[in-house]
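Below: the structure, in structure tokens.
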Amino acid sequence: MEKTDNILKEMQQQLQQLKDKISGETIVNDKLLKNAYRKTLGSLQRKALRQTVIGVVAMLLCLNLLNIGFSIPFVFATEIMLAFCLAATIVINRRLPRMDTDLITAAKGIVRFKKGYANWLWIGIPLLVVWMGGMCYEIMKNENFPSEARVPMLIGLGVGLVIGGVVGLVLRHNILSKSDETLAQIRDLTSDN
């Protein structure tokens, strides 16, 4: 009987050691998941900052259109459009949570960010179409441009539109994918708690 009690105690000790090991593994996994969450959130925040900087640079470079020969009303309208786009980008990017935010609030912020970012095309594409129409009109009707330069300028505008569209769609896809990845990591972290 005593031998059976010793075997039982030894098995209980081994079981406790196994439970301690498993619980230690869970803590390590939580830390790894939280680090991965912070890494993907940091990536989204860096991309948001990069977009803001690019918007400010675009507004500054737009003023050079005056030197090329574009009209003051067109450049002014372009500046207003860029300022609106920059403000909308800042508003959407401010929905991203801070690193020290609790996970539930962070998930809500990322969902709002993702929704705003995904819906931006409904505003951005019509603005782009109107701006492209204004640019084409400006190229064709502006007396500052020689007639032989108009077709190459329109071709350059078309090439720029295609390249910019492809780059923009790839960046959009990357940001939405990162948002999904961050939300999945938050779900992993909150499902255990």
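Any read-out appearing in this document is the output of simple, stated calculations on the displayed coordinates, not a laboratory observation. Owing to the predicted nature of the structure, the values given are computational and were not obtained by experimental measurement. Cβ atoms come from the backbone with ideal geometry, glycine included; neighbour counts cover every protein chain shown.
A compact table of results
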quantity: Under the Karplus curve 6.51 cos²θ - 1.76 cosθ + 1.60, θ = phi - 60°, whole-Hz ³J(HN,Hα) for segment 103-115, x wherever Gly or Pro sits; calculated: 5, 5, 5, 4, 4, 4, x, 5, 5, 5, 4, 4, 5
quantity: Relative contact order of segment 34-192, pairs being alpha-carbon contacts under 8 Å that are 6 or more residues apart, as %; calculated: 35
quantity: Electrostatic dipole magnitude of segment 34-192 [Cβ: Lys, Arg +1; Asp, Glu -1; Cα centre; debye, to 20]; calculated: 660
quantity: Values of log10 I(q)/I(0), in the order q = 0.13, 0.14 Å⁻¹, for segment 98-193 under a Debye, Cα-only, solvent-free model; calculated: -0.63, -0.68
quantity: Rough spin-label spacing in nm, given labels placed 7 Å along Cα→Cβ, for Leu61 and Ile80; calculated: 2.4
quantity: For the chain, calculated [θ]222 nm from helices alone, where every DSSP H run of n ≥ 4 adds -39500 (n - 2.57); calculated: -32000 deg cm²/dmol
quantity: Acute angle (nearest 10 degrees) that the helix 2-62 long axis makes with the longest principal axis of the chain, alpha-carbon atoms; calculated: 10
quantity: Potential extension, Gln45-Val170 segment - 0.36 nm per residue separation minus Cα distance; calculated: 43.3 nm
quantity: Chain lengthening between Arg98 and Lys9 when straightened (0.36 nm per residue, less Cα-Cα); calculated: 27.1 nm
quantity: Mean projection area, nm², convex hull over Cα of segment 34-192; calculated: 9.7
